[in-house]
Amino acid sequence: MPDTKTTSAAAPAGTGTAATPRYLGAWVVILAAAGVYALTMGTRQSMGLFLSPLNTATGLGVGNISLAFAFGQLFWGLTQPFAGALADRVGAGRVLLAGVLLVAIGTMITPLMTTTAGLIFAIGVLAAGGAGMAGPAVLMATAQRMVAPARRGMASGLVNAGGSFGQFVMAPVAGALMIGIGWMSAMQVLGLIMLLALPGAYLLRGAPAAAVTAGPQRLATGQAIRAALGNRSYLMLSAGFFVCGFHVAFLATHLPGVVAACGLPSQYGAWSLAMVGLFNIVGSLAMGWAVGHWRMKSLLALVNISRAVAILLFVLLPKNGAVMLVFAAFMGLTFLSTVPPTAGLVFKFFGAANMATLFGIVLLVHQVGGFLGASLGGRVFEMTGSYDWVWYIDILLAVGAALIHLPIREAKLAPPKPAVAAAT
C-alpha cells in the first residue's frame with residue numbers, strides 16, 4: 001500500500017486520494033481510523049453487559065431499558081449522514097473530536113440516570129450520537145480516500161477489524177471492572193478510556209473531500225442524495241443493510257440476556273461478546289481481502305445465508321457453554337463483515353467526493369433496523385420469557401436480505417452533472 005504524501009491542496013480528478021500532512025502515510029491514517037473505531041465500537045458493544053444492573057438499580061424493566069438502547073441504535077444511525085456531510089466539507093478531525101468527547105460524557109453520566117428519559121438522553125443521544133460522529137461513515141470514507149483503488153477493500157476491512165478488536169478487548173475489560181469496582185464505576189472508567197481516541201482524531205484532521213477531489217466529481221449534498229435515492233441498486237443495498245442492523249443490534253444488546261435465559265453462568269455473557277469481537281476481526285479482514293476478488297453483492301448474500309443457517313442450528317441445539325461460545329464465534333465471523341462490501345459498493349457507485357454522506361445514509365437505514373432489533377428483543381422477552389421468536393424473525397430477514405442483494409448491479413453509475421452552486 002503506497003504512502004500518500006501530498007503537498008498541494010488538491011489531488012487529480014478520479015484518484016480518490018486525499019491531502020494529508022507530510023509526515024502521515026496511508027498506513028498511519030488507516031491505523032488511526034481503526035484505533036478510533038476500536039474505542040467507540042468497543043464501548044458501545046459492551047453496553048449490553050450493563051442492561052441487567054441498570055434494571056436492578058432503576059427498576060424500570062427490561063423493556064424500558066431496551067428502549068434506551070434502541071434509541072442509541074437509531075441515533076447512532078441518524079448522526080451518520082450529517083457527520084459524513086460535515087466531514088466531507090470541513091475534514092474528519094473536528095467531527096471525530098466532538099464525537100469522542102460526547103461518547104465519553106454520555107457513558108460517564110449514564111449511572112446517574114434513574115428514568116427512561118434520562119437513559120435515552122445519556123445512552124441514546126450523547127453516547128450513541130458521539131459514536132456516530134466518530135463512526136464508520138467518517139472513518140471509512142477517510143480511509144477509502146487515502147489509499148490506492150486496489151487497496152480500498154482491505155482498508156475498509158482493517159478499519160472494521162479495529163472496531164471488532166475494540167469489542168474483543170473492551171467487553172472482558174468491562175466485565176472485569178464490574179466485578180472489581182462495581183458497575184457504576186466500571187461505566188465511568190469506560191468513559192475515561194474513550195479519551196484515548198483523541199490522538200487518532202488529531203491524526204485524521206486532513207483536508208475535506210471538497211478540497212481533494214476535482215470539481216466535476218463534487219456534487220451538492222442534496223443533489224448527491226437525490227441521485228442515490230433514485231438508484232435501485234443503492235436502495236436494495238440499503239434494504240439488506242437494514243436487516244444487518246436488526247441482527248447486529250439484537251446480538252449486541254441481548255446476547256448476555258440470551259446467555260442468562262439459557263441458564264449459563266453470567267461470565268459467559270462477557271465471553272460471548274468477546275468471541276463475537278475476536279472472530280469479527282477475522283471476518284472483517286477476510287472480507288476486506290474477498291472484496292478484491294469476488295462480487296460484493298454475492299459476498300453480502302453469502303453472509304446473510306450463513307447467518308440464517310447458524311441461527312437455525314443454535315435454536316435446535318442444546319444450550320451449553322460450548323455451543324454458546326461456538327455460536328458467538330460464528331456470529332462474529334459474520335457480525336460486521338457486511339460493512340466492507342457495503343462501503344465498497346457505495347464507493348463504486350458514487351466515488352469519493354460524497355462517500356461519507358451517502359454511506360452515512362446507508363448506515364442510518366442499518367440503525368433503523370438496529371432500533372427494531374434492540375427494542376423488539378426486550379419486548380418479546382417480557383411477553384414470552386424467551387428470545388425464540390426474535391430468532392425466527394432474524395432467520396426470515398436474513399434469507400430475505402440474501403435474496404434482495406442478488407439483483408444489485410455493481411457497475412459504476414454515471415454521475416449526474418453537478419449543480420452550478422455545489423455548496424450546501
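Can you give the FRET efficiency to the nearest 0.05 for Leu313 and Val90, using r as the Cβ-Cβ distance and R₀ = 45 Å?
Step by step, r from the Cβ atoms, then E = 0.40.
Only counting other Cβ atoms within 10 Å, I'd like Met41, Met184, Met275 sorted with the fewest neighbours first. Walk me through the numbers on the way to the answer.
Working: Met41 27, Met184 16, Met275 24.
Fewest to most other Cβ atoms nearby, the residues stand as Met184, Met275, Met41.
Along the Cα→Cβ direction, 7 angstrom out, place labels at Arg295 and Arg232. What is the inter-label distance in nm?
The modelled label-to-label distance comes out at 1.5 nm.
For Asp394, Asp388, what ranking results if the residue with the fewest other Cβ atoms within 10 Å of its Cβ goes first?
Details: Asp394 24, Asp388 13.
Listing Asp394, Asp388 from fewest to most nearby Cβ atoms yields Asp388, Asp394.
Would you please give the FRET efficiency between Ser185 and Glu410, computed as 1/(1 + (r/R0)^6) with r the Cβ-Cβ distance and R0 = 45 Å, to the nearest 0.05?
Numbers: r = 50 Å, r/R0 = 1.10.
With R0 = 45 Å, the Cβ-Cβ based efficiency is 0.35.
Using the basic label-point model (7 angstrom from Cα toward the beta carbon), what is the Val323 to Ser386 distance in nanometres?
For Val323 paired with Ser386, the spin-label model returns 1.3 nm.
What spacing in nm lies between the two simple spin-label points modelled at Ala176 and Leu112, each 7 Å away from Cα in the Cβ direction?
Inter-label distance under the simple model: 2.8 nm.
For the range 72-112, what Kirkwood radius comes out of the mean inverse Cα-Cα distance, in Å? Kindly include the intermediate steps, with their values, before the conclusion.
Working: mean 1/r = 0.0899 Å⁻¹.
Hydrodynamic radius (Kirkwood, Cα only) of the range 72-112 equals 11.1 Å.
A short reminder: the numbers here are calculations on the coordinates, not readings from a lab. Just so it is clear, the model here is predicted, and its values are computed rather than measured. Counting neighbours? That spans all protein chains shown, and the Cβs are built from the backbone with ideal geometry, glycine included.
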